[in-house]
Structures are given as C-alpha cells and as structure tokens.
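Visitor: The structure under discussion is supplied below as structure tokens; questions concerning it will follow.
The values are calculated or read from the model by the stated rules, or taken from the named source; none is laboratory data. All values derive from a computational prediction rather than experimental measurement. Quick reminder, even Gly has a Cβ in these numbers, built from the backbone with ideal geometry, and neighbours come from all protein chains shown. Please note that ligands, DNA and RNA were not included when accessible areas were found on the heavy atoms of the full protein model with its side chains. Shrake-Rupley method; radii C 1.70, N 1.55, O 1.52, S 1.80 Å.
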Amino acid sequence: MPMRPPKRCLALALGATLLGCNRASAPASAGAAPFSSSNPFASASPLLYQAPPFDRIHDADYQPAVEEGMRRQLTEVEGIASDTATPSFDNTIVALERSGALLTRAFKVFIAMTQANTDDTLQRIQTEEAPRLAAHLDAIHLNDSLFRRVRSVYERRADLGLDSVQTFLVERYYRDFVRAGALLAEPDKARLRALNQEESKLATDFQNRLLAATKAGAVVVGDKNELDGLSDADIAAAAEAARQRKLDGKWVLPLQNTTQQPAQASLKNRAVRQRLFIASTTRAERGDSNDTRQIVKRLAQLRAQRAQLLGYPALAAYVLDDQMAKTPDAAIKLLSDLVPAATAQARREAEKLQAMINKQRGGFKLAPWDWQYYAEQVRKAEYALDETQLEPYVELDRVLKDGVFFAANRLYGLTFKQRTDLPVYHPDVRVFEVFDADGTSLALWYCDYFKRDNKSGGAWEDSFVDGTGLLETRPVVFNVANFTKPAPGHPALLRFDDVKTMFHEFGHALHAMLTRVEYPRLTGTNVPTDFVEFPSQFNEHWALESTVLAHYAKHYQTGQPMPRALVEKIKRARTFDQGFATTEYVAAALLDMAWHTLPVGPQQPDVDAFEAQALKRFAVDVPEVPPRYRTSYFAHIWNGGYYAGYYAYLWSEVLDDDAYAWFKEHGGMTRANGGRFRDMILSRGGTGDMGALYRAFRGRDPDVAPLLEERGLQADQK
Ligand SMILES: [Zn+2]
C-alpha cells in the first residue's frame with residue numbers, strides 16, 4: 001500500500017512485560033504517598049477483562065502503585081534468585097513471567113495516560129519515575145545470582161523436555177539478560193546503570209519539551225481571510241481551538257507532529273503556509289526552554305557509549321542484532337536502494353508543481369511549504385481528484401463500523417459491540433467488546449481518535465492488559481490518534497490518510513487481540529520492531545479493497561455510495577506523490593541511522609549541521625522535500641523506542657505488500673485466507689524466528705517487487 005509511512009506506534013516501545021523491555025537500567029526511592037489497599041491498582045480490576053477502573057483512578061494513585069509494584073517485583077525476583085532448588089523452566093523462567101503483576105497493571109495505564117491524556121502531575125511523576133524504572137530493570141537484569149539461574153536453564157534447555165515455544169522463551173530470556181549487560185564485569189555494570197539512568201531521564205525531558213514546543217508552535221491567525229481555502233469545518237475547528245486557548249475571535253492552527261502540516265494542502269495564502277511550515281520545522285529549535293537540541297546531542301553520545309560497553313561499534317549495530325534485519329547495513333541498503341528512484345520521482349513531481357505555479361503566474365520558485373498545496377492542484381488537474389470531494393464520504397463512524405470492523409468481520413469473523421458501561425479516561429473515548437465468529441468474547445478495544453493539546457502527536461496502539469494463557473488474561477487494547485475534532489454539532493469527516501491510519505492502528509490491535517500465546521514475553525505485538533508494522537500496514541490494504549470501500553464510503557448526509565468515478569480516481573491516484581512520500585520517509589529513516597551509527601567520540605557540535613551533512617551523504621538532500629521529521633522533533637527515535645528503528649516501517653512494508661500479493665494470488669479477501677493469516681501470523685506473537693514465521697506463511701522469503709509496484713517506483717528501478 002502506498003502509505004504515508006510512519007504512524008507512531010508504541011506497541012513495542014514500552015514492552016508488554018516490563019522484563020521484556022530492552023531499555024534497561026538503581027532502586028526506587030520513595031517520594032510518593034503510601035500505597036494502600038484502597039488504591040485502584042491494589043488488586044486486579046473486577047471489570048470485564050480487568051479493564052482499568054478509570055472512574056476510580058486519580059493522578060495521585062499512580063506513583064504509589066508503581067513504586068510499590070517495583071518493590072514487590074524486586075522481592076519476587078529475590079525469591080527466584082535465592083531459590084535453592086535446581087534452576088528449572090518453571091521455578092525460573094515462568095516465575096519471572098509471573099512476577100511484577102502490580103507494576104505491570106499500574107504502569108501500563110500510567111504510561112498510556114502520559115501519552116494520551118497527560119497533565120502537569122503525570123508529567124512530573126513520569127520525570128521522577130523514568131530513571132527509577134530504568135534502575136529497577138537494571139536491578140533485575142544485572143542481578144548475578146538470578147542471571148546464573150537463567151543461564152543454567154538456557155544451557156540445559158535441550159534436556160528439559162521443553163516444547164519449541166518454551167525453548168524459544170528460554171533463549172529470549174537469556175538474550176534479554178545478555179543484551180541488558182548481564183555478562184559485564186561489575187565496574188562496567190555500574191557504568192551501564194549510570195548511562196541508563198541518564199538516558200531515561202533525557203528521553204522523558206525530550207518528550208515533555210516537545211509536547212510544550214508543539215503546543216506553543218501553533219499558528220494564531222487574526223484575520224479569517226488568511227484561512228482562505230480551508231473548509232468551513234476546518235475553519236470552525238480552528239476557531240474552536242482558539243476558544244480553548246482563550247483566544248476568542250481568532251483562529252488557531254495546531255501543529256501536527258510531522259514536518260508537513262495538513263492545512264498546507266488547502267491554504268491559499270502563501271505567507272500563511274510559510275508561517276505554518278516554519279513554525280513546524282523550528283518548533284523545538286527556538287533557543288528557549290523547549291529547545292531539544294542539547295538533549296539530542298547528549299542522547300546520541302550516551303547511546304553510543306552504551307553500545308560500546310555491550311560490545312557493539314554503535315547503537316544501531318546493537319539494536320539491529322535483535323531485529324529481523326540483523327545488521328545496520330541490511331537496513332541502510334534497503335533504504336539506500338530506494339533513494340535514486342524516489343528522489344528522481346520527487347524531482348519529476350517538483351517539475352510538475354513548478355509548471356503549475358508558472359501556469360498560474362505565481363512568479364516564485366517552489367518551496368517546501370508550497371509542495372502540498374500545488375500537489376493538491378496537480379492531483380485535481382491530473383486525476384480530477386479533490387480531497388474535499390472525498391470528505392463527505394469518509395465520516396469517522398461509518399469508516400469505523402462499516403470499514404474497519406467490516407473488514408475484520410470478512411477476514412476473521414469478528415463482531416463488535418459498544419460497551420457504554422465501562423469507564424473511560426476522557427469523554428472522547430469509546431469501548432467495544434470484540435467477539436469471535438462463534439460468539440465467544442475475545443477482547444476489549446478502546447479508541448481515542450481526536451487531537452487534544454495534552455496528547456502526544458501521531459497515532460499508536462498499545463494495551464492496558466495483554467492477553468496470555470499463563471496469566472489467564474484477555475487483551476484490553478487501545479488505539480489513539482490525532483484527527484481534527486469537529487466543532488460541536490458537526491460530523492467527523494476525515495482525510496483519506498486518516499482512514500488509512502484507522503486501518504493501520506487497528507491492524508496492531510488485531511495482532512494484540514487475536515494472540516494465542518501462553519507467555520507474556522512473547523504475546524501479541526511483542527515482536528521485533530521491523531516486524532511489528534507488518535500486521536498494521538497489512539491491514540491498511542483493506543481500506544481500498546472494493547467491497548470494503550463500497551461498504552463504508554457513503555455520503556454522511558444522503559447515505560449515497562461514493563460515486564464509482566470517484567472510487568476509480570482514488571485508485572488511479574494511489575501512486576501519486578509517492579516520490580515525495582518515499583523521499584521524506586527515507587530521509588528521516590537515514591537520519592535516524594546517521595545519528596545511531598555514530599561511534600563513541602566527541603559530542604556533535606551542531607545538530608542542524610550534522611543533519612544537513614547526513615542528508616547530503618545519503619543523497620536525500622532534496623531542498624523541496626525535507627525529512628518527514630527533523631532531528632529536533634523526531635520523537636520516534638529520541639523517546640519513542642524506534643531508535644535505529646525508523647527503517648522498520650519500510651522493512652515491514654516489504655512484508656505487508658508481499659503478503660497482500662499472496663492474498664491476491666489466492667482469491668483475495670476470504671475467510672479462508674483471513675483464517676490462514678490469523679493462524680500463521682496474527683495469533684503467533686513473537687513465539688519464533690520472524691523470518692521463519694513469514695516463510696511458513698508465504699512459502700518463500702519476502703520479495704521487494706510488490707512494494708515497488710505499490711509505490712509506483714518500479715519503472716525507475718535498475
Ligand atoms: Zn504502526
């Protein structure tokens with residue numbers, strides 16, 4: 001699918017089990033109120049599937065629960081480590097899998113709220129707890145007697161009568177410990193702990209500064225004429241955004257997290273487009289308290305030092321060693337191989353845009369803030385397709401129920417029932433119970449779709465509760481996005497990119513909800529980063545599937561189906577602007593690699609100069625096409641867990657386009673095909689080698705050809 005690649009997905013970033021998290025680092029100090037049995041996290045929630053009791057949870061509950069959770073887990077771990085019985089799968093690995101119940105319960109809800117519905121209190125707690133949590137994980141992974149037991153089980157794994165998944169789990173644990181520094185000598189462990197402490201603190205600082213910078217960067221417009229080109233609904237939303245900031249009578253264009261801002265596609269006033277673009281690209285570079293550049297420089301150095309300590313030349317080598325790609329070279333090769341075709345295509349697209357400017361006697365040279373506006377004009381001229389023509393046909397509720405849910409029903413037999421009796425953390429949030437084809441209840445799914453100033457940018461999926469056999473838990477999963485909230489009384493009409501985002505994040509949710517895995521460490525989306533985007537991007541394909549599109553794309557007022565001609569236009573226009581989309585993505589992914597292949601050395605003196613040099617070195621320095629994220633607001637890589645991992649979207653895209661090709665070869669969207677995909681991919685979590693899992697499904701290794709075709713880059717490929 002020719003997607004605008006990166007949606008922000010935290011599925012892996014935070015780890016389903018705290019032990020599984022690879023951002024390990026000294027014991028907690030108590031600063032919070034005492035923990036009591038009246039704390040809502042004190043016992044498993046009595047609600048369906050242990051759904052968080054949001055009606056009883058207050059900001060003051062998190063810190064005592066998280067701190068008590070860490071204390072209890074350390075006690076549990078100490079018990080496992082000091083066991084005098086011979087180390088076994090059950091008394092060591094399974095015991096670790098069962099540890100930390102209170103911490104996991106509280107932390108998963110806490111971290112979800114810091115991302116989706118934060119406030120000053122939560123941000124303060126996060127700032128205090130992040131280094132303590134890093135220290136907590138270090139206290140487990142760097143516990144010598146515990147590691148000796150894990151190692152003993154690992155070394156005898158072939159003789160313990162374990163099945164293949166249990167063997168894989170043992171290997172996974174051993175690897176987690178080694179990667180967290182378990183084999184280091186004591187002085188090096190102390191250094192590692194200090195590095196992890198500082199890194200976790202800086203990553204939180206980065207997140208807090210970026211949130212403030214993005215909010216402060218919103219463009220305020222005092223004259224409605226300057227918004228010429230925006231739809232009435234967008235203007236109403238801008239007025240509402242202004243009211244919420246106590247700027248009544250003005251209009252506010254809040255910043256989205258990417259470099260390019262959606263409003264630039266419609267704003268006729270070039271000066272306003274330029275203001276918006278500059279506000280976006282310099283949001284975190286203003287030399288004020290929200291400037292992130294000092295943090296970024298230090299983080300890059302800390303990570304290089306961590307990698308060196310663990311025996312790797314750079315952070316990327318450390319990260320990739322545990323991914324499907326295996327080496328930075330493999331990831332860089334996939335990206336670099338696309339650069340000539342992508343940039344050549346982008347330059348051709350730029351020429352068309354310039355021709356459009358000239359034709360309209362614009363009298364200026366195409367700049368990055370003009371791209372989306374003129375791309376929209378060219379799209380209208382060449383494909384007669386206008387985004388505003390689409391909007392009435394993509395109303396959020398219809399897309400959800402008749403599109404996203406419908407596709408899941410056709411493929412996997414799932415049905416959905418809204419649950420208004422379960423408490424939510426914000427009035428915009430909705431909850432659905434998910435049922436299997438035979439009527440069995442499977443999971444709970446929450447959605448929180450509208451942009452708020454206290455929500456991080458982008459879109460993501462994660463869970464409040466993971467589904468596991470061992471703990472007898474069912475998945476409680478959520479999707480968060482940042483769609484423009486309609487003014488009161490207006491329907492939520494989406495952009496087509498938003499529709500794809502809904503299918504994308506729901507693809508992650510399916511991966512989490514359809515899991516049939518015994519062990520927490522391996523369940524659902526606990527897979528390598530470069531595999532985790534495979535089910536999500538795969539699910540995007542169904543947004544344009546004829547039967548699905550016909551089912552959801554109906555006029556929000558008349559219920560009339562989207563005219564066939566318009567459908568055809570959408571399909572024809574699929575590869576439109578892919579030179580731009582591929583280039584801005586590949587530029588950001590290579591920028592990530594540039595920062596994370598840095599060896600230990602002096603700190604980079606200048607973030608912007610380093611960025612410019614890196615783009616030049618990889619030949620992705622197209623002036624009109626800046627990277628999708630610049631260094632200073634690249635949340636994926638500084639606090640999102642996607643460091644040395646932004647390439648993963650493209651890596652996964654090779655898989656998802658290739659898997660979709662399998663569907664096309666085998667009769668398309670059928671229950672039988674869906675059942676096979678569910679059985680062989682979605683239900684398996686991270687229970688084996690991902691390459692082998694994929695080969696079993698596909699019958700061969702993944703092929704890049706379907707991706708090139710989907711992106712319309714094939715003809716350019718040598
Ligand atoms: Zn994703």
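Visitor: What FRET efficiency do you get for Q274 and D144 if R0 is 60 Å and r is their Cβ-Cβ distance, rounded to the nearest 0.05?
Guide: On the way: r = 59 Å, r/R0 = 0.98.
FRET efficiency, Q274 to D144: 0.55.
Visitor: Evaluate the distance, in nm, between pseudo-label points positioned 7 Å from the Cα of R98 and of A194 along their respective Cα→Cβ axes.
Guide: For R98 paired with A194, the spin-label model returns 3.9 nm.
Visitor: Excluding residues fewer than 8 places away in the same chain, name every one of the lysines whose C-alpha is closer than 16 Å to that of K224.
Guide: K250, K268
Visitor: Can you list which of the GluC sites (Glu not before Pro) found in the stretch 392-485 are DSSP loop residues with at most 11 other C-beta atoms within 10 Å?
Guide: Passing both the DSSP loop test and the Cβ count: E472.
Visitor: What is the distance, in nm, between label points placed 7 Å from the Cα along the Cα-to-Cβ direction at V165 and at E351?
Guide: 5.6 nm
Visitor: Quickly rank 581-590, 690-699, 234-243, 347-356 as a protection proxy: mean count of other C-beta atoms within 10 Å, highest first.
Guide: Highest-to-lowest ranking by the protection proxy: 581-590, 234-243, 347-356, 690-699.
Visitor: Additional query: Can you compute the helix-only [θ] at 222 nm over the chain? Use -39500 (n - 2.57) per DSSP H run of at least 4 residues, normalise by all residues, nearest 500 deg cm²/dmol.
Guide: After summing the helix terms and dividing by residue count, I get -15500 deg cm²/dmol.
Visitor: Assuming a strict under-27 Å limit between Cα atoms, what lysine pair count do you get for the stretch 280-393 once near-sequence pairs (fewer than 8 apart, same chain) are dropped?
Guide: 6
Visitor: Taking a cut-off of 12 Å between Cα atoms, list the aspartates and glutamates near K201, but don't count ones fewer than 8 places away on the same chain.
Guide: Within reach: E128, E129.
Visitor: Same structure again: Suppose R0 equals 56 Å; then what is the FRET efficiency for Y383 and T86 from their Cβ-Cβ distance, rounded to the nearest 0.05?
Guide: Values: r = 69 Å, r/R0 = 1.23.
For R0 = 56 Å, the calculated efficiency reads 0.20.
Visitor: Still on this model: So how much accessible area does E568 have, in Å² to the nearest 10, using a 1.4 Å probe?
Guide: Its accessible surface works out to 90 Å², give or take rounding.
Visitor: Pop a pseudo-label 7 angstrom from the Cα along the beta-carbon direction at both A367 and K250 and give the gap in nm to one decimal.
Guide: Output for this residue pair reads 2.2 nm.
Visitor: Taking R0 as 30 Å, what's the FRET efficiency between D606 and K333 from their Cβ-Cβ distance, rounded to 0.05?
Guide: 0.60
Visitor: By accessible area of protein heavy atoms, probe 1.4 Å, what ranking do L544, L444 get, highest first? Let's see the in-between values first.
Guide: Working: L544 20, L444 0 Å².
Greatest to least solvent exposure: L544, L444.
Visitor: Moving on to the next point. Show T388, T575 ordered by accessible area, largest first, where the area counts protein heavy atoms only and the probe is 1.4 Å.
Guide: Ranked from most to least accessible, the order is T388, T575.
Visitor: Return one whole number: the accessible area per residue of the stretch 125-243 in Å², for a 1.4 Å probe.
Guide: 40 Å²
Visitor: Can you give me the % of accessible surface on the stretch 444-497 that is carbon or sulfur? Probe 1.4 Å, all protein chains present, nothing else counted. List each step's numbers first, then the result.
Guide: Working: 810 of 1580 Å².
Carbon and sulfur: 52 percent of the exposed surface of the stretch 444-497.
Visitor: Then there's this: Kindly write out, for the stretch 361-371 in residue order, the coupling ³J(HN,Hα) from the Karplus curve 6.51 cos²θ - 1.76 cosθ + 1.60 (θ = phi - 60°), rounded to whole Hz, with x marking Gly and Pro.
Guide: Per-residue couplings from phi come out as 6, x, x, 9, 8, 3, 10, x, 6, 8, 3 Hz.
Visitor: Ignoring ligands, DNA and RNA, what accessible area per residue does the stretch 559-694 give at 1.4 Å, in Å²?
Guide: Heavy-atom SASA per residue in the stretch 559-694 reads 32 Å².
Visitor: Could you tally the net charge around R175, taking each other residue with its Cβ under 13 Å from the Cβ of R175, Lys/Arg +1 and Asp/Glu -1?
Guide: 0
Visitor: How about K554: which lysines have a C-alpha closer than 19 Å to its C-alpha, ignoring those fewer than 8 places off in the same chain?
Guide: Reachable lysines: K401, K500, K569, K571.
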